[in-house]
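One structure is given here, and the rest of the page talks about it.
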Amino acid sequence: MSKVIVVGIGPGEYEQMTVKAVNALNSCDTIVGYTVYVDLVREHFAGKEMLTTPMRKETQRCEMAFEEAAKGKTVAMICSGDAGVYGMSGLIYEVGEKYPGVEVEVVSGVTAALSGGAVLGAPLMHDFAVISLSDLMTPWEKIEKRLAAAGEADFSICLYNPSSKKRADYLRKACDILLRYRSPETVCGTVSYIGREGQAGTIYTLAQLRDTQVDMFTTVFIGNSQTKVIGGKMVTPRGYQV
């Protein structure tokens, strides 16, 4: 049967993939993905045909997956984290309208908000917002409004894509917006290279975070007004009586 399975592979470490994701990759004929992500799974699925495209070739990557599936193959389109959180599942469904004979299935994975949160402790125990600081497809003005709304509503916040060479000051700009609503002492944290070699988590205040250099391999966590440090870990209380 012609089929494309969109598979979230988690943060990168094989042990953090779901059993269903592993089974999907074991059962498929071809693995398609961004070069960096395919390299993460290559060792454990060495017998599979693997096809890659570079960054910013997402539409072509989806078309490649459907073209391979149209040959009667089962194709796995892999994404880091969860395929439905800044991943490829939405685009697969859009491109898939041109391939009505190919079945689509989505297999969820562990997104960075969850795997990174576990490294820091328990920063997302209450209501939270996930916001990407990348303005490639979202105007910065809209990102600013979302940051302000989440800040005013006292959500814990997880920031994806916090910086790049072209956006070196975006985390600082985001912190400046949040400082309108949050104390400079608000507990924050960063986790870099989640589930990969070099993984590191660090806790900051919001004032310190503002002046911290991060990159695209970093996920940022900003606590709400109740977030605190317990035993060196970032904890947002749910409100249980202790």
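The values are calculated or read from the model by the stated rules, or taken from the named source; none is laboratory data. Quantities reported herein were computed from a predicted structural model and do not represent experimental measurements. Every residue, glycine as well, gets a Cβ built from its backbone with ideal geometry; the counts of neighbours run over all protein chains shown. Ligands, DNA and RNA are stripped out before the accessible areas are found, and what is left, the full protein with its side chains, is counted by its heavy atoms. Shrake-Rupley method; radii C 1.70, N 1.55, O 1.52, S 1.80 Å.
Quick notes
- Ignoring lysines fewer than eight residues from Lys71 along the same chain, the ones with Cα atoms less than 20 angstrom from its Cα are Lys3, Lys48, Lys98.
- Counting DSSP beta bridges with both ends in the chain, the antiparallel % (nearest 5): 40 percent
- Rounded if a/c under 1.5, otherwise prolate or oblate - segment 13-135, Cα gyration tensor axes: prolate
- Cα-Cα over 27 Å, subset of Lys145/Lys166; Lys57/Lys165; Lys165/Lys228: Lys165/Lys228
- In segment 169-242, Cα pairs under 8 Å separated by at least six residues give a relative contact order of 32 percent.
- Normalised by the number of residues in the chain, the average gap of Cα pairs under 8 Å and 6 or more apart makes the relative contact order 20 percent.
- The listed residues Lys166, Lys73, once ranked by accessible area (1.4 Å probe) with the largest placed first, stand as Lys166, Lys73.
- For Glu105, the residues whose modelled amide H falls within less than 5 Å of its own, excluding neighbours fewer than 5 places apart on the same chain, are Val4, Ile5, Val6.
- Between amide H atoms placed 1.01 Å from N, distances below 5 Å from Gln199 occur with no residue 5 or more places distant or on a separate chain.
- Annotation for Asp169 and Ala70: the two label points, set 7 Å from Cα along the Cα-Cβ direction, are 4.7 nm apart.
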